[in-house]
Amino acid sequence: MPILLGVVAWQIAVQLSRESDLSGRSAWAVIAPYLGILLAGVLWGVVYYPLVLKNTRIELGAAALVVTDWSGRTRTVHYARVEANIYALIKTRTDPLPMLYLLDSAGKRVLRLEGTLWPREAMDEVGASTRVDRTTFAEAVTYQQLRRAYPRAIGWGQAYPRVLSLITVAGILALIIVLYTVIS
């Protein structure tokens with residue numbers, strides 16, 4: 001999101017600096033698509049994060065976890081479905097980020113708790129509630145290392161965030177170019 005907002009703000013500044021060279025078009029007509037993208041990004045941040053903090057929760061039951069996501073949707077994860085309880089510290093630029101992954105018998109992720117939202121004590125409690133022995137890495141690992149060990153636990157985009165960011169920025173720039181061409 002910060003990259004998106006930066007690119008859009010830069011494009012608005014470039015277009016406004018060219019205001020005298022708009023060939024009779026209004027400056028607003030040129031920057032309107034950029035302002036729309038910028039507004040959508042800001043609204044997403046203003047709406048999404050408060051909803052995460054308000055709605056996200058996990059209730060420990062006798063036979064299952066009841067998981068409520070940021071949008072208020074609820075799903076049930078039965079303990080019998082959990083075959084692996086993985087706790088890892090993920091390497092970041094600053095401090096390692098604690099993560100808990102619950103996987104099914106096929107190694108597919110059924111629940112992920114991130115240390116940015118969940119305290120370690122909550123992760124410990126959720127992991128212990130499954131009654132499945134915990135697998136813990138001896139030292140902090142990268143998402144790529146975790147993906148090699150548990151391929152279906154980590155998505156491609158999470159394992160390769162830089163590549164995903166480049167693809168996203170290229171797509172946004174292509175969209176901006178298309179919108180600019182259509183408006184021109």
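Listed values, structure above:
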| read-out | value |
| --- | --- |
| Summed residue charge, Cβ within 11 Å of Ala159's Cβ, Lys/Arg positive, Asp/Glu negative | +3 |
| Sparse-neighbour loop sites [chymotrypsin sites (Phe, Trp or Tyr not before Pro); the range 95-184; at most 15 other C-beta within 10 Å; DSSP] | Phe137 |
| Rg to Rh, two decimals, where the chain supplies the alpha carbon set and Rh follows Kirkwood | 1.12 |
| Nearest-20 debye value, the chain charge dipole, Cβ charges on Lys, Arg, Asp, Glu | 340 debye |
| Angle between the chain longest axis and helix 120-129 axis [Cα atoms, degrees, rounded to 10] | 50 degrees |
| 1.4 Å probe accessible area per residue over the chain, in Å² | 61 Å² |
| Three-way shape call for the range 47-141 based on the alpha-carbon gyration tensor, with the a/c threshold at 1.5 | oblate |
| Crossing angle, helix 27-55 versus the chain [Cα axis fit, 0-90 degrees, rounded to tens] | 20 degrees |
| Using alpha-carbon coordinates, inclination of helix 2-17 to the longest axis of the chain, degrees | 0 degrees |
| The range 57-83-the range 109-184 distance, computed between alpha-carbon centres (Å) | 20 Å |
| Amide H contacts under 5 Å for Thr92, placed H, 5+ residues apart | Leu97 |
| Accessible area (Å², 1.4 Å probe, nearest 10) - Thr136 | 80 Å² |
| Neighbour cut-off at most 10 other Cβ (10 Å), DSSP loop, trypsin sites (Lys or Arg not before Pro), the range 93-161 | Arg93, Arg131 |
| Nearest-20 debye value, the range 57-153 charge dipole, Cβ charges on Lys, Arg, Asp, Glu | 420 debye |
| Mean separation of Cα contacts under 8 Å (6+ apart) over length of the range 82-184, as relative contact order % | 26 percent |
| Rounded to the nearest 10 Å², the accessible area of Ser71 at probe 1.4 Å | 50 Å² |
| Of all accessible heavy-atom area on the chain, the percent that carbon and sulfur account for (1.4 Å) | 61 percent |
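The values are calculated or read from the model by the stated rules, or taken from the named source; none is laboratory data. Every value quoted in this text rests on a predicted model; they were computed, and no experiment measured them. Note: ideal-geometry Cβ built from the backbone for every residue, glycine included; neighbour counts use all protein chains shown. In case anyone asks, the SASA skips ligands and DNA or RNA and just uses the protein heavy atoms, side chains included. Shrake-Rupley method; radii C 1.70, N 1.55, O 1.52, S 1.80 Å.
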